[in-house]
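Below is one structure; the comments refer to it alone.
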Amino acid sequence: MSVRDYLTNEDRQWADAVIEKIHHKLTAVRERSATKLPAETNDGVHDDKLKAAGNVGIAKGFWTNGFWAGMLWQMYHATGDERYAEIARFTLPILDGCLLELDTHDIGFLWLPTAVLDYKITGSAAARQSALTAAKWLMGRFNPATGVIRAWGGGNEQMALSRADPPMHLAGVTIIDCMMNLPLLYWASAETGDPRYYHAADHHAAKAMRAFVRGDGSVIHICEFDPDTGALVQDFGGQGYGKGSAWARGQGWGLCGFTASYKHTGRQEYLDTAKRIAAWLLPLIPENGLIPCDFRQPAEPWVQDDIAAGVIATALLDLAELVPEEREAYLGAALKILHALDAQSADWSPDTDNITLRGTAGYHLPGRNKNYVYADYYFVEAMLKLAGKNVTIW
Ligand code: GLY
């Protein structure tokens with residue numbers, strides 16, 4: 001059974017029609033962006049991280065650079081249109097070329113939608129090798145003393161992520177987003193038979209479950225641990241409104257990430273954690289189905305996050321399959337969000353490069369209410385689940 005089996009005929013037809021609209025649009029967009037690494041869209045045109053100023057290696061390995069190729073691979077699998085695969089293949093060699101420059105946990109976000117997806121769809125031995133090499137690099141960030149994968153940097157740096165937060169000591173820092181990098185490690189263990197990757201991921205998930213998920217079910221963005229003892233030092237609001245707030249994308253990363261860890265380990269406590277996050281979050285979804293940047297942000301100005309919307313929706317679709325007693329609630333909420341994106345926050349013209357309209361990088365960061373490529377990826381992934389055509393990577 002897939003989530004499609006639980007849809008009404010009307011929603012099945014709607015999902016198929018949206019996939020048609022995506023295909024129609026991407027058939028034009030893919031040619032314009034065939035040799036780009038797009039991260040966002042400005043005035044309807046994809047930017048290109050290959051042309052970004054500054055540290056060229058890091059721009060090439062910018063954490064969202066896998067999502068354009070991921071969207072193309074997913075659509076290749078759904079349609080069989082070879083042109084998607086031809087263009088999707090552009091990204092991976094560039095990522096492989098800068099792997100050793102990447103002092104970040106975002107390796108899963110980069111290699112899952114590119115190398116792992118390519119391997120799962122085409123069986124490419126080169127893509128498999130690339131993903132395994134990336135998994136080894138990610139493993140190097142695991143600190144047995146904290147029990148987590150370090151988010152950023154490789155030394156003793158201090159950094160303030162947002163003007164709402166004090167500086168943090170990066171040696172002990174991890175973020176809820178990292179839950180989405182764990183599936184690369186679970187995949188590497190399953191693929192090779194080497195349990196090290198699995199155990200690092202499982203340790204990280206267990207620690208994150210205890211440290212990041214509050215008593216009410218909401219999720220913290222950033223935790224700093226003592227890098228030698230693993231004790232919690234402090235937490236931060238990060239990309240959300242502030243300390244104690246509930247950054248919507250972070251809720252999504254937690255929801256999707258703990259669901260993924262359950263799928264890979266079978267540990268009931270991870271599924272229960274995802275259910276707790278969902279129980280807290282579902283009543284907060286606005287009547288119009290559009291998701292704010294932070295569930296605890298002030299009412300004005302309205303800051304929207306279509307990225308969070310797609311992540312939350314795709315996670316709820318997985319949960320709807322896994323938790324029969326809550327299926328109606330999870331599926332209903334996911335459909336509400338996806339209908340809202342389609343009807344109220346999407347641009348279906350083939351003349352512009354963006355699908356979704358209003359993502360937000362972070363409450364206090366530049367770039368509110370605009371398109372980000374990973375918003376489009378998660379919207380497409382969720383819609384493909386409704387169409388019964390998604391390839392699972394998380
Ligand atoms: N992983 C960083 C973000 O979600 O913006």
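Other residues within the sphere of radius under 14 Å centred on the Cβ of residue 109, judged by their own Cβ, net out at 0 (K and R +1, D and E -1).
Once every Cα of the chain carries one equal point scatterer and solvent is ignored, give the base-10 log of I(q)/I(0) from the Debye formula at q = 0.07 Å⁻¹, two decimals. Taking Cα atoms of the chain as identical point scatterers yields -0.27. Multiplying the residue separation of residue 296 and residue 13 by 0.36 nm and removing their Cα-Cα distance gives an extension gain of 98.3 nm.
Counted by neighbouring Cβ atoms within 10 Å, the residues 90, 212 run from fewest to most as 90, 212.
The smallest convex shape that holds all Cα atoms of segment 91-172, its convex hull, gives 112 Å³ per residue. The ranking of 348, 247, 280 by Cβ neighbour count inside 10 Å, starting from the fewest, reads 348, 280, 247.
Extension gain for residue 137 to residue 2 (0.36 nm times residue separation, less C-alpha to C-alpha distance): 45.2 nm. Convex hull volume per residue, computed on the Cα atoms of segment 163-203, equals 80 Å³. Could you tell me the calculated FRET efficiency between residue 327 and residue 279, based on Cβ-Cβ distance and R0 = 22 angstrom, to the nearest 0.05? The pair residue 327/residue 279 has a calculated efficiency of 0.95. Summary of the geometry: segment 102-159 and segment 219-274, compared by the centres of their Cα atoms, lie 18 Å apart.
Here is the size of segment 186-335 from its Cα atoms: Rg then Dmax, 15.9, 52 Å. Using the average count of surrounding beta-carbon atoms within 10 Å as a protection proxy, the listed peptides 255-266, 361-372 rank, highest first, as 255-266, 361-372. Figure legend: label point modelled 7 angstrom from the Cα of residue 48 along Cα→Cβ; residues of segment 2-38 with amide N under 18 Å from it are 28-38. With a Cα-only, solvent-free Debye model of segment 259-394, what are the log10 I(q)/I(0) values at q = 0.09, 0.13, 0.16, 0.21 Å⁻¹? Debye intensities relative to I(0), on a log10 scale: -0.27, -0.56, -0.83, -1.31. With a cut-off of 15 Å between beta carbons, the residues surrounding residue 146 carry a summed charge of -1, where Lys and Arg count +1 and Asp and Glu -1. Kirkwood analysis of the Cα pair distances in segment 1-109 returns a hydrodynamic radius of 15.5 Å. With Cβ to Cβ distances under 10 Å as the rule, what net charge do the other residues near residue 241 carry (K, R +1; D, E -1)? Taking every other residue near residue 241 into account, the sum is +1. Each principal axis of the Cα cloud of segment 284-364 was taken in turn, and the coordinate range along them, longest first, works out to 39, 35, 20 Å.
Per-residue ellipticity at 222 nm, computed for the chain from helices alone with -39500 (n - 2.57) per DSSP H run of at least four residues, works out to -15500 deg cm²/dmol. Once the chain from residue 229 to residue 243 is taken as fully extended at 0.36 nm per residue, the excess over their C-alpha distance is 2.7 nm.
Label point of residue 125 set 7 angstrom out along Cα-Cβ; within segment 183-227, amide nitrogens under 17 Å from it belong to 192. If you take the alpha carbon atoms of segment 177-272 and fit the smallest convex hull around them, that volume is 94 Å³ per residue.
Any read-out appearing in this document is the output of simple, stated calculations on the displayed coordinates, not a laboratory observation. What you see is a predicted model; the values in this text were computed from it and never measured. Note that each Cβ is placed from the backbone with ideal geometry, even for glycine, and that neighbours are counted across all protein chains shown.
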